[in-house]
Every structure is written in C-alpha cells, then in structure tokens.
Amino acid sequence: MGGRQSGERQAGCPAPSDFPLPGNALDFFHQDHLRKREVCARISRLSELEAPDADEICDIMSFLTHELPPHLADEEQDLFPLLARRCRPEDEIEPVIARLAADHRRIRDRIPGILAVLKAADPGGKAFSDEHRARLHRFSTDLLQHLILEYAIVLPFARLRLNRRDMGLLQKGMLRRRGLDRLLEACDAG
Ligand SMILES: [Fe+2]
Ligand SMILES: [Fe+2]
C-alpha cells in the first residue's frame, strides 16, 4: 500500500490530534472529536468508491486499530467516571453516560468486522459489495451520532463541572495509555 509519504495527509484532512502537553485535556478531546468526525466522513466516502484507495484504507485501518481504542478508554476509564462524580442530579448525566457506554460496547464489537471488510478490499480494483458498503456506512453514521452527542452534552458538562485536579487526572490517564507519561518523566528528570 504505497503512494502517500508517511506523515503526508490528504488536503483538508486533520492530522491525528497533537497531544496536550501541557494544555487542557478537554481541548484535546475537542480536537480529537473533530478528527474522528472527519474520519467518519472518509469512511463513508471510501465505501462509495468504484475503486477503493489503498492509502485511504491503510489510514482508516490505522485509525481503528491505534487511535479509536485509546479514545474509548479515555472516556470509559476517566472522563465518564469523573462526570458521574462531579455532575449534579439536575444535570441528569447518568442516562447519557449509560447510553454512551452502550455505544462504546457496540463500536468496539464492530471494529474487528470493519477491519476485516477493509482488509478484504481490492484496492484500485473492485468496489465494495453492497453488504460491505452498507456495513461501512452504518459504522461511520453510528460513530458520528455518538460524537455529536458527546459534543453537545458531555464536553459542555465536563467544562462546567470538572475541576483542575480532575483535568490533571484526565491528562495523566491519556498520557499513560499512549506511553507518553514515561517520556514526560524523562523530560522532567532531564
Ligand atoms: Fe465516546
Ligand atoms: Fe469521544
């Protein structure tokens, strides 16, 4: 799957979000969601192509394997529990978190199947079958709906209710999941 140089990206497509060092963790979530919304659109576009593009398939497989899982973990292990702890009863955040957690389980369950569809593609050759096209489209649509709900409810409440210490915990978890905490310690020690 050659073609595009490593690090070079399609025009108009955001690169994987830069990591928050040492900025606000919620700003990183916001950037990360923008990036994921763009990838959703790319999955839908890819599904419609007469000759699926090899580089695009490779990028999307990398996103599903390396970027999406830690993002789901950031939310499940840190953001959602912090919100549940800090939000007030009148915020009615519990049912929202339950819905989002159920979305995560469904998204995670479907990733291997979507990867298999992409792996079985014929880059530059045949279009996806109707069934595979429908699966790709449904996955991107469901992920987009999930992101819209988080954008509309979760991030505004997080900005309102989380305190500075919570932000620090969020950021630490995010760094740890990506193996960047040791890097930071090394920089501090140096
Ligand atoms: Fe999520
Ligand atoms: Fe999210």
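Could you check how many residues of the range 147-178 are of a type outside the set (Asp, Glu), touching a helix residue (DSSP H, G or I) at 6+ places or on another chain (Cβ under 8 Å) and under 17 Å from ALA101 (Cα atoms)?
Within the range 147-178, residues that are of a type outside the set (Asp, Glu), touching a helix residue (DSSP H, G or I) at 6+ places or on another chain (Cβ under 8 Å) and under 17 Å from ALA101 (Cα atoms) number 8.
Return yes or no: is ARG110 over 16 Å from PHE29 (Cβ atoms) and within 13 Å of ligand 1 (Cβ to nearest atom)?
Taking the combined requirement at face value, the residue does not satisfy it.
Checking the conditions here, which among LEU136, LEU147, LEU160, LEU118 is farther than 22 Å from GLU67 by Cβ and modelled with pLDDT of 95 or more? Walk me through how you get there before you give the answer.
On the way: LEU136 fails: farther than 22 Å from GLU67 by Cβ; LEU147 fails: farther than 22 Å from GLU67 by Cβ; LEU118 fails: farther than 22 Å from GLU67 by Cβ.
Among LEU136, LEU147, LEU160, LEU118, only LEU160 is farther than 22 Å from GLU67 by Cβ and modelled with pLDDT of 95 or more.
Could you list, in sequence order, all residues of the range 73-84 that are aliphatic (A, V, I, L, M) and more than 18 Å from LEU180 (Cβ to Cβ)?
Keep residues of the range 73-84 that are aliphatic (A, V, I, L, M), which gives 73, 79, 82-84.
Across the range 73-84, the qualifying residues are LEU82, LEU83, ALA84.
Within the range 129-162, can you find the residues that are surrounded by 16 or more Cβ atoms within 10 Å (Cβ to Cβ) and within 14 Å of the chain's Cα centre (by Cα)? Give the derivation first.
First, the residues of the range 129-162 that are surrounded by 16 or more Cβ atoms within 10 Å (Cβ to Cβ): 132-133, 135-137, 139-140, 143-144, 146-147, 150, 153-155, 157-158, 161-162.
The answer is PHE139, SER140, LEU143, LEU144, HIS146, LEU147, GLU150.
Considering only residues that are open to solvent by less than 80 Å² (accessible area, probe 1.4 Å) and either assigned to a helix (DSSP H, G or I) or free of Cβ contacts under 8 Å to residues at least 12 places away in the same chain (or both), which ones fall in the range 87-108?
From the range 87-108, those open to solvent by less than 80 Å² (accessible area, probe 1.4 Å) are 87, 91, 93, 96-98, 100-104, 107; that's our starting set.
Answer for the range 87-108, where residues must be open to solvent by less than 80 Å² (accessible area, probe 1.4 Å) and either assigned to a helix (DSSP H, G or I) or free of Cβ contacts under 8 Å to residues at least 12 places away in the same chain (or both): ASP91, VAL96, ILE97, ALA98, LEU100, ALA101, ALA102, ASP103, HIS104, ILE107.
Under 9 Å between Cβ atoms, at least 6 apart or on separate chains: pull out the pairs that start in the range 62-77 with a residue that is assigned to a helix (DSSP H, G or I) and end on any residue that is among the aromatic types (Phe, Trp, Tyr) and within 10 Å of ligand 2 (Cβ to nearest atom).
That search, which allows pairs on different chains as well, returns HIS71/PHE29; ASP74/PHE29; GLU75/PHE29.
Regarding the range 43-61, can at least one residue be identified that is under 24 Å from VAL154 (Cβ atoms), in contact with a helix residue (DSSP H, G or I) (Cβ under 7 Å, 6 or more places away or on another chain) and open to solvent by 40 Å² or more (accessible area, probe 1.4 Å)? Don't jump to the end; show me each part of the working.
Quick first cut of the range 43-61, residues under 24 Å from VAL154 (Cβ atoms) only: 43-44.
Subsequent filtering for residues that are in contact with a helix residue (DSSP H, G or I) (Cβ under 7 Å, 6 or more places away or on another chain) retains 43-44.
Then drop every residue that is not open to solvent by 40 Å² or more (accessible area, probe 1.4 Å), which leaves none.
Scanning the range 43-61, I find no residue that is under 24 Å from VAL154 (Cβ atoms), in contact with a helix residue (DSSP H, G or I) (Cβ under 7 Å, 6 or more places away or on another chain) and open to solvent by 40 Å² or more (accessible area, probe 1.4 Å), so the answer is no.
Can you tell me which residues in the range 63-86 are within 12 Å of ligand 2 (Cβ to nearest atom) and open to solvent by 50 Å² or more (accessible area, probe 1.4 Å)?
Within the range 63-86, GLU76 is the sole residue that qualifies.
For the range 109-190, please list each of the helices (runs of 4 or more DSSP H) lying entirely inside it that holds at least 3 residues being in contact (Cβ under 8 Å) with a residue 12 or more places away in the chain. Show your work before the answer.
On the way: elements: 130-149, 155-161, 164-177, 181-189.
The helices (runs of 4 or more DSSP H) meeting that bar are 130-149, 155-161, 164-177.
List pairs: first in the range 27-42 and among the polar types (S, T, N, Q), second more than 10 Å from ligand 2 (Cβ to nearest atom), Cβ under 7 Å, 6+ apart or cross-chain?
Here the result reads GLN31/SER17, each pair linking the range 27-42 to a residue that is more than 10 Å from ligand 2 (Cβ to nearest atom).
The values are calculated or read from the model by the stated rules, or taken from the named source; none is laboratory data. Source: prediction; values computed, not measured. Note: ideal-geometry Cβ built from the backbone for every residue, glycine included; neighbour counts use all protein chains shown. Heads up: the accessible areas ignore ligands, DNA and RNA and are worked out on the full protein's heavy atoms, side chains in. Shrake-Rupley method; radii C 1.70, N 1.55, O 1.52, S 1.80 Å.
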